[in-house]
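Below is one structure, written out as structure tokens; comments come after it.
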Protein chains: 2
Amino acid sequence: MIPKSYAIIGSGAVGGLYGSMLARHGHSVHFLMRSDYEFVQQNGWTIESPWGDFQLPRVNAYSSAAELPPCDVTIVATKSTGNDALPELLRQSTSQGGVVLILQNGLGVEQQVAEFFDPQRIFGGCCFLCSNKVGPGHIKHLDFGRIVFGPLLTNAPSMETAQQICQQMSGAGIDVQASDDLNMVRWRKLMWNITFNGLSVALDASTDQLIHDPASLALSRDIITEVYQAARACGADIAEHWIEKTIDNTRNMVPYDSSMRLDFLAGRPMELDAILAKPIDVAKQAGAAMPKTEMLLQVLTYLQAAKG
Amino acid sequence: MIPKSYAIIGSGAVGGLYGSMLARHGHSVHFLMRSDYEFVQQNGWTIESPWGDFQLPRVNAYSSAAELPPCDVTIVATKSTGNDALPELLRQSTSQGGVVLILQNGLGVEQQVAEFFDPQRIFGGCCFLCSNKVGPGHIKHLDFGRIVFGPLLTNAPSMETAQQICQQMSGAGIDVQASDDLNMVRWRKLMWNITFNGLSVALDASTDQLIHDPASLALSRDIITEVYQAARACGADIAEHWIEKTIDNTRNMVPYDSSMRLDFLAGRPMELDAILAKPIDVAKQAGAAMPKTEMLLQVLTYLQAAKG
């Protein structure tokens, strides 16, 4: 299947960036939008990126999922906190057999979608990306940018589809890799997400503050190590040097407010279930304790209730 | 030895309250003071307490430890963060053979004093007390108030001395108990101190906020349990029901800003070594891991450096 059309569910810092890259290279891209719908309808996208700044004046924007055309690939780039609405959001754009590519943080989302959607057509991935929406229709992509994704069910046809999507995205200038080990991809991303999303809220700190103080660096390393050990217990074949690589990547990152910190500061719900609760739960079932990660979730749950 | 005179090193919310109670009942009490010296010299103490409000207009106040007279009992009620000065502070008031009673939070202070002072004459204790200094020479005692103390070296003469001090304090209206198990007394207090001093800073919360939110209550219980298990590993014979009793006591407490939170908010150093680092270290030597307590110390160390 060579994709001919894309629906983007959730046109924020992730969906807006990648969807605009695809549209800029001539692909048929359909953006489902909420708050920015009218603005983008009139003014299009403005993208600032180390891959090159550009404007996309004419955009296929929609304010309702029911208006989306059927597409070959539906990219889900919403926050996981709204996943209860996924059956409704996916219905129309996937109605003629297209696949779903879930670019969310956390664990277990593909399994959740598989409860109402053909698992053969589910793909998931992680974005190793520093990107913020800084205004209506305005994305500022700061650093990194790689998507690593793969099928929920690994078999020859699903890997072939992954390769074809990958090739087309890559041709649009996106840094992308297909993987046959989605579980590993998700856990490797969690090593960063749990640690730096979580601690940036718990300690009210940006990533560079966390990495430059000896106490928060030690705590970061402890949590990354807990996630690494949980990942191994859950069958994710991650090499041990990813512990230090996760720290080094963060040290070399531009100073960055994590998405969870931006959510918290803006009074939006944080992705605590997908990023923290689910991994802790899955690890526990595999016999791996994550006490510091569990404490981080307790702290964040308190902060969300107290300051939310 | 029936004590005839008391020196109070550190005349704050603890030393000011207990010293004033003793002086009010006619005992010879000598207060070493810092910032409040001139005020108390002129105006004396004002004590508000559930045990009865009172004023103590004439006070033996001193601004230098070298001016203190030799006393039978020297009570140390300073913050442990200043303990490097103890050899100097204790020299004069203990110069004719009196004993030292250390009423500080944390672990290991008696052992530290024993490095330069006759261990036969060292007593230590904990105050289960909500009390704040609210102005110059002005103590507001809010709730509880019991001192539990005992000798560093348990033998018949030292227990007899403890009983005599206890009797005299009790006669002055102080709620006080002598114990022959200082290690147990200290660890039992740590179950409260580590948890509620620490979390009140880490979560920017008063004790009643911590106890009424389900997530912070669960975290409090986890940390109390860690301290309980560490205490048992360190030979402190604490009954398991103290876990819930520590929570119940806090639930029934007046809403209270812990001393550590007051220190943090005022930009003073927190008692991290005595209250957290030392117990973690001692527990580790006894084979007990305290991961959430360790994370709490990491968080507090970060906050002290970042906001200090």
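The values are calculated or read from the model by the stated rules, or taken from the named source; none is laboratory data. Quantities reported herein were computed from a predicted structural model and do not represent experimental measurements. Positions of Cβ are backbone-derived with ideal geometry, glycine not excepted, and every protein chain shown enters the neighbour counts. The protein model used for the area step is the full one, side chains on, heavy atoms only, and it has no ligands, DNA or RNA in it. Shrake-Rupley method; radii C 1.70, N 1.55, O 1.52, S 1.80 Å.
Relative to the longest principal axis of the Cα atoms of chain A, the long axis of helix A:156-171 makes an angle of roughly 80 degrees. Accessible area ranking (1.4 Å probe, heavy atoms, ligands and nucleic acids excluded), largest first, for A:Glu67, B:Glu115, B:Glu294: B:Glu115, A:Glu67, B:Glu294. For A:Gln163, inter-copy separations between label points set 7 Å beyond Cα along the Cβ vector come to 8.9 nm, shortest first. Helix A:214-233 versus the longest principal axis of chain A: what angle, 0 to 90°, nearest 10, using Cα atoms? Its long axis makes an angle of about 70 degrees.
Place a point 7 Å from the Cα of B:Ser95 along the Cα-to-Cβ direction; which residues of segment B:1-27 have their backbone N under 18 Å from it? The answer is B:5-9. Considering only B:Phe264, B:Phe149, B:Phe123, the mean-square fluctuation computed in a Gaussian network model of chain B, springs between alpha carbons under 10 angstrom, is largest for B:Phe264.
Based on the inverse mean of 1/r over its pairs of different Cα atoms, what is the Kirkwood hydrodynamic radius of segment B:1-61, in Å? For segment B:1-61, inverting the mean 1/r across all distinct Cα pairs yields 11.6 Å.
Relative contact order for chain A: 16 percent, from Cα pairs under 8 Å spaced at least 6 residues apart, divided by residue count.
Checking the table B:Lys189/B:Lys245; A:Lys79/A:Lys278; B:Lys79/B:Lys245; A:Lys292/B:Lys189 against a 18 Å threshold on Cα-Cα, which pairs fail? Over 18 Å Cα-Cα: B:Lys79/B:Lys245; A:Lys292/B:Lys189. Computed with a 1.4 Å probe over protein heavy atoms only, the accessible area of B:Asp53 comes to about 100 Å².
Once every DSSP H run of n ≥ 4 in chain A is given -39500 (n - 2.57) and the sum is divided by its residues, what mean residue ellipticity at 222 nm do you get, rounded to the nearest 500 deg cm²/dmol? Before the final figure, lay out the partial values.
Values: 13 runs with 128 residues, N = 308.
One gets -12000 deg cm²/dmol as the mean residue ellipticity at 222 nm.
Against chain B, whose longest principal axis comes from its Cα atoms, helix B:242-251 is set at around 80 degrees. Compute the label zone of A:Asp237 within segment A:93-124: residues whose backbone N is under 20 Å from the point 7 Å along Cα-to-Cβ. Under cut-off, by backbone N: A:124. Averaged over peptide A:291-301, the number of partner chain Cβ atoms lying within 10 Å of each residue's Cβ comes to 6.
B:Met270 sits with roughly 10 Å² accessible to a 1.4 Å probe, with DNA, RNA and ligands left out of the calculation.
Dividing the Cα radius of gyration of segment A:183-307 by 2.2 N^0.38 Å, with N the residue count, gives 0.98. The alpha carbon convex hull volume per residue for chain B rounds to 120 Å³. Which one, B:Leu32, B:Leu190, B:Leu129, has the greatest fluctuation when you compute a Gaussian network model over chain B with C-alpha springs under 10 angstrom? Ranking B:Leu32, B:Leu190, B:Leu129 by mean-square fluctuation puts B:Leu129 first.
When you have a sec, figure out the Kirkwood radius of the protein assembly as shown from all distinct Cα pair distances and drop it here in Å to one decimal?
Details: mean 1/r = 0.0364 Å⁻¹.
One decimal place: 27.5 Å for the Kirkwood radius.
Compare A:Gly15, A:Gly137, A:Gly235 in a GNM of chain A, Cα atoms joined below 10 Å, and give the one with the largest fluctuation. Looking only at A:Gly15, A:Gly137, A:Gly235, the biggest GNM fluctuation is shown by A:Gly235. Only protein heavy atoms count here; on that basis, with a 1.4 Å probe, A:Trp192 has an accessible area of about 40 Å².
Take peptide A:164-171, look around each residue's Cβ out to 10 angstrom, count Cβ atoms belonging to other protein chains, and average those counts.
Details: counts 0, 0, 0, 0, 0, 0, 0, 0.
Rounded to a whole number, the mean comes out at 0.
In terms of accessible area, using a 1.4 Å probe and ignoring ligands and nucleic acids, B:Glu38, A:Glu160 rank largest first as B:Glu38, A:Glu160.
In Å, what Kirkwood hydrodynamic radius results for segment B:5-180 from the alpha-carbon pair distances? Don't skip to the end; give the middle numbers.
Working: mean 1/r = 0.0629 Å⁻¹.
Hydrodynamic radius (Kirkwood, Cα only) of segment B:5-180 equals 15.9 Å.
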